[in-house]
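Only one structure is covered here, and it is reproduced in the block below.
Only the coordinates and a few stated rules stand behind these numbers; no lab work does. What you see is a predicted model, and the numbers here were worked out from it, not measured in a lab. FYI the Cβ positions are ideal-geometry reconstructions off the backbone, even for glycines, and counts take in every protein chain you see.
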Amino acid sequence: MTVQAQRVPVVATFVESVDSTVLTHTRDLAHDFKAAFGGHPAGVSIITADSLTGPVGITASSVASVSAEPPLLAFSLAAAKGSAAALAVADTVVVHLLTSDDLELAKTFANSAAERFGEAMAWSTLATGEPLLLHGGYALRCKVLSRTPAGGSLLLAAEVVEIIAPENTGTPIVYHSRTFHALGQHSLLPGY
């Protein structure tokens, strides 16, 4: 016996049943979510890739380690235009883990109007085609494994295939309360 699924107009029924209390709660929840994560520090990275129009890159605070064996990481993209759109379809990317010495790079790649990959910027092209920023932290060349829509964002999982280590590691830079901060000996809590 074959059972055939029927389409039910769930969206129309849901929208008709939503009252203003639910919409207000959703807006409050989104506001509180942003406030919660705004107060939660995150590491700062720049993600770069080669595209049909040349090198692209963005500053990101969503990069997270997923697995050490095999080495996997994940990050999200919130925009569907510009550099984020080009990164969303790239097969490979380079994730640059920034240090406090890289503050100007972080600001540049966070500003969609800023000039990137110009003559004044220190960068090169890897033999595999990706743009590599010459900066103070690690660079992880990655192969994108999956792209998953998540709310209004796209979540990408990638396998690290090469690590380019700096000669000297600097102090990490983090994003907290909508500003950049440096971690170092001054930020150690007592007892550590």
### Message
For Ile163, only one of the following conditions fails: (1) farther than 14 Å from Val94 by Cα; (2) surrounded by fewer than 15 Cβ atoms within 10 Å (Cβ to Cβ). What is its number?
### Response
(1)
### Task
Please enumerate the residues belonging to the stretch 136-159 that are touching a residue at least 60 places away in the same chain (Cβ under 8 Å) and either of a type in the set (D, E, K, R) or crowded, with 18+ Cβ neighbours inside 10 Å (or both).
Leu140, Cys142, Leu154, Leu156, Ala158, Glu159
### Message
List the residue pairs whose Cβ atoms are under 7 Å apart, where the first residue sits in the stretch 180-192 and is over 16 Å from Asp101 (Cβ atoms) and without any contact (Cβ under 8 Å) to a residue 60 or more places away in the chain, the second is surrounded by 10 or more Cβ atoms within 10 Å (Cβ to Cβ) and of a type outside the set (Ser, Thr, Tyr), and the two are 6 or more positions apart or on different chains.
### Response
none
#### Entry: Residue among Ala49, Ala68, Ala84, Ala88 that alone is touching a Leu at 6+ places or on another chain (Cβ under 6 Å), free of Cβ contacts under 8 Å to residues at least 60 places away in the same chain and of a type in the set (A, V, I, L, M, F, W, C)
Ala84
### Query
Of the residues that sit in the stretch 72-94 and are among the β-branched types (Val, Ile, Thr) and surrounded by fewer than 20 Cβ atoms within 10 Å (Cβ to Cβ), which one is farthest from Ile164 (Cα to Cα)?
Val89
### The lone exception for Tyr175 - which of (1) in contact with a helix residue (DSSP H, G or I) (Cβ under 9 Å, 6 or more places away or on another chain); (2) under 24 Å from Pro70 (Cβ atoms) it fails
(2)
### Message
Exactly one of these conditions fails for Ala106: (1) more than 23 Å from His40 (Cα to Cα); (2) surrounded by 20 or more Cβ atoms within 10 Å (Cβ to Cβ). Give me its number.
### Response
(1)
### Task
Please work out which residue is surrounded by the fewest Cβ atoms within 10 Å (Cβ to Cβ), limiting yourself to the stretch 45-71 and to residues that are of a type in the set (Gly, Ala, Ser) and in contact with a helix residue (DSSP H, G or I) (Cβ under 8 Å, 6 or more places away or on another chain).
Ser51
